[in-house]
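Worksheet: the structure to be examined is printed underneath.
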Amino acid sequence: MTTPKIELKGVQKRFGTKVVLDGVDLSVDPGESLVIIGGSGTGKSVTLKSILGLITPDKGSIKVDGREVSRLTGRAREEVNRKFGMLFQAAALFDSLTVWENVAFGLIQGRGLNRTEAKQIALQKLAKVGLGPEVGELSPSELSGGMQKRVGLARAIAAEPEIIFFDEPTTGLDPIMADVINDLIVTTVKDMGVTTLSITHDMVSARKIADKIAMIYKGKIIWSGRKEDIDNSGNPYVDQFIHGRAEGPIKMELAK
Amino acid sequence: MNPFALVGRFVIALLSEIGRIFEFAMNAVPQAFMPPIYGRLILQQIMRIGYFSLPVVGLTAFFTGGALALQIAVGSEIGAETLVPQIVVLGITRELGPVMAGLMVAGRVSAAIAAELGTMRVTEQIDALTTLSTNPFKYLVAPRIIAAVLTMPILVGIGDIIGVMGGWVVGVYSLDYNSASYLKNTVDFLKMGDVTSGLWKAAVFGFIIALMGCYHGYHSKGGAQGVGAATTNAVVSAAILILAANYMMTSLFFGGGR
C-alpha cells in the first residue's frame, strides 16, 4: 500500500458560528487526479486553502507525503509549499510584473535562479500552454481572461511541482476556451506525472480532468469514487448535482 | 441596549485591534532584517514613498513656516525681529516639520499602500505569493517599512530647511526684517537636539505610515468596498497614531509637564 500524496482526516473549520468544514476525509494517491465537486459555499475553497496552509483548520489532520502539515508555519511551511503549484480562479497574476516575470516568479524568489535562466524556463512554459515569447513581455492586464488562465497555468507548472491545485479552472471562460484549458491541464499533468486536486462546479470539466471525483456538501464529503461510476452513484445528492436539477434533496437557501 | 455592555464591547474591540496590529508588526519587523533582503523592491519603494513625496512635503513646510512667522510677528510687537526667527526654527524642527510631513505622507502613502495590498488581497495575489514559497511579509511588507523608516527623516530634514526658508521669505519680504540678522538669529538659536529629535520622530512616523498601510491592506476583504474601507482606515489610524506618538516623543525628549 502506497502512502497517499495528500490525506485529510476529520478536518473541521468554522468561521464565527458558521461551520464550513465538518470533518472532511479525503485521500489522493500519487499521480492521481481528484476533482472535488459541490455547490457554492459548501467548503470547496476552504478545503483547498487548508491544504495550502492559507487557512489553519480548527481540528483534524492534513498529511502531505505522510507528513503532518496542518500546523506548520514559517520556513517549514515554505518547504512544503515548494511541492505545490496552484492555478487560482481569477489567475491572480501579479499586475506589477510582466507575464514572463509572473511565470518565473517561483523560480527566482523561491528557488533563487538568476533572471536570465528563469526567463528561458518561463518562455518554455509559456510555449507549453500555447503562448509565444512576445506575450511574455506584456503586462497581465493586457491579456484576455483565457490567456490569463493560461499564464496562471504556466506559472503553476514552472517550478515543476509534485502537486498542482486548480481552483475553478474553467469558471468565467467561454465553452471553447474552457475546453482548451481542460486539454492543457490533462496534457501538462500527464506529461509531468503530477498529482492534482481540483475544485469545480463545472461537470464537463470534472469529467475531463478527473480520475476520481468527490462530492462535498455542507462541509462533508458525501460521495467519492471513480469518475466512470458517478452516473450510477445511487446517491440522490450527486444525481441532483450532476444533472443540475433545482428539485431534490439539496435545497438552495433562498431568503424568502 | 445596556450602555455598560456597549462600552465594554467597544473597549474589547479596541484592545483586540491593538493586539492584532502588534502581532502584525511582530511578524513584519524581523523579516526586515533576515535574508533574503529584496534590494530592488526597497529601492522601488524608496522612490515611491520618499522621492515622490518631496513636492508635497516641501510645499507644506514652506507655507507652514511662512504662516508661523506671520502669526508671531503680528502677536508680539516688541522684540519681534529676534523672536520670529527663533520661534520659527524651533517650531518647525521640533514639531511642525515632522508632524505636518507625517500627516501629509500618511495621506499619500498609507492610502496608496493599503489600496495596493488590499487589491492584491481580494484578487488572491497575496495567496499566490504564499503558494510560490514567498513570504508576503518579507516580499510586500518589509520593503515598505524599511523604505518609509529610511526616507521620512530625509524628507523631514529637507522640509525643515524649506520651512525655515518660508519663515525667512515672509520675514524679509513682508515684514521688512534684515535678512542677515534673521539668518544669524536662526542659526544662533538652533541646537542640534532640536533637529535630531524631529528626525527621530520622522523615523517613527515613517514606521507608523507603512505599518498602517500594510496592516489594513493585508487584512482587507470583500471587494471594492473592502479596499475602500481599508484605505480610509489606514489613513485615519496612521494620522491618529502619528499625533499620539508625537506627544509621547515630545514628552520623552523635552520632559513632560513639569
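Restricting attention to the range A:227-235, does a residue exist that is in contact with a strand residue (DSSP E or B) (Cβ under 8 Å, 6 or more places away or on another chain), buried (at least 22 other Cβ atoms within 10 Å of the Cβ) and aliphatic (A, V, I, L, M)? Explain how you work it out, then say what you get.
Step one: filter the range A:227-235 for residues in contact with a strand residue (DSSP E or B) (Cβ under 8 Å, 6 or more places away or on another chain), giving A:227, A:230, A:233, A:235.
Subset that is buried (at least 22 other Cβ atoms within 10 Å of the Cβ): A:230.
Pick out the ones that are also aliphatic (A, V, I, L, M) and you get A:230.
Checked the range A:227-235: at least one residue is in contact with a strand residue (DSSP E or B) (Cβ under 8 Å, 6 or more places away or on another chain), buried (at least 22 other Cβ atoms within 10 Å of the Cβ) and aliphatic (A, V, I, L, M).
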*Leading residue by the ranking (farthest from A:Glu168 (Cα to Cα)) among those in the range A:27-55 that are without any contact (Cβ under 8 Å) to a residue 24 or more places away in the chain and either within 14 Å of another protein chain (Cβ to nearest Cβ) or touching a strand residue (DSSP E or B) at 6+ places or on another chain (Cβ under 7 Å) (or both)*: A:Ser27
*Being among the β-branched types (Val, Ile, Thr) and loosely packed, with under 13 Cβ neighbours inside 10 Å, is that true of even one residue in the range B:233-253?*
no
*Assuming B:Thr93 fulfils every condition listed in (1) surrounded by 24 or more Cβ atoms within 10 Å (Cβ to Cβ); (2) within 14 Å of chain A (Cβ to nearest Cβ) apart from one, which condition is it?*
(2)
*Would you point out the residue of the range A:161-200, among those that are in a loop (DSSP other than H, G, I, E, B) and at pLDDT below 85, that is surrounded by the fewest Cβ atoms within 10 Å (Cβ to Cβ)?*
A:Gly193
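Across the range B:170-185, what is the number of residues that are loosely packed, with under 15 Cβ neighbours inside 10 Å and not aromatic (Phe, Trp, Tyr)? Before you say what the answer is, go through the steps one by one.
So in the range B:170-185, the residues loosely packed, with under 15 Cβ neighbours inside 10 Å come out as B:173-174, B:176, B:178-181, B:184.
Of the ones still in play, those that are also not aromatic (Phe, Trp, Tyr) are B:174, B:176, B:178-181, B:184.
Number of matching residues: 7.
Looking for something in contact with a Phe, Trp or Tyr (Cβ under 8 Å, 6 or more places away or on another chain), under 14 Å from B:Ala111 (Cα atoms) and either within 14 Å of another protein chain (Cβ to nearest Cβ) or among the polar types (S, T, N, Q) (or both) - is there at least one such residue anywhere in the range B:199-218?
Of the residues in the range B:199-218, the ones in contact with a Phe, Trp or Tyr (Cβ under 8 Å, 6 or more places away or on another chain) are B:200, B:211, B:214-215, B:218.
Narrowing further to those that are under 14 Å from B:Ala111 (Cα atoms): B:211, B:214-215, B:218.
When the remaining residues are screened for being either within 14 Å of another protein chain (Cβ to nearest Cβ) or among the polar types (S, T, N, Q) (or both), the result is B:218.
For the range B:199-218, residues in contact with a Phe, Trp or Tyr (Cβ under 8 Å, 6 or more places away or on another chain), under 14 Å from B:Ala111 (Cα atoms) and either within 14 Å of another protein chain (Cβ to nearest Cβ) or among the polar types (S, T, N, Q) (or both): present.
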_Against the definition (of a type in the set (Gly, Ala, Ser), more than 8 Å from every other protein chain (Cβ to nearest Cβ) and surrounded by fewer than 18 Cβ atoms within 10 Å (Cβ to Cβ)), how does A:Ser96 come out, yes or no?_
yes
_Here is a list: A:Leu107, A:Leu113, A:Leu153. Which entry is within 27 Å of A:Leu72 (Cβ to Cβ) and in contact (Cβ under 8 Å) with a residue 60 or more places away in the chain?_
A:Leu153
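The values are calculated or read from the model by the stated rules, or taken from the named source; none is laboratory data. Since we're looking at a predicted model, the values are computed, not measured. Cβ atoms come from the backbone with ideal geometry, glycine included; neighbour counts cover every protein chain shown.
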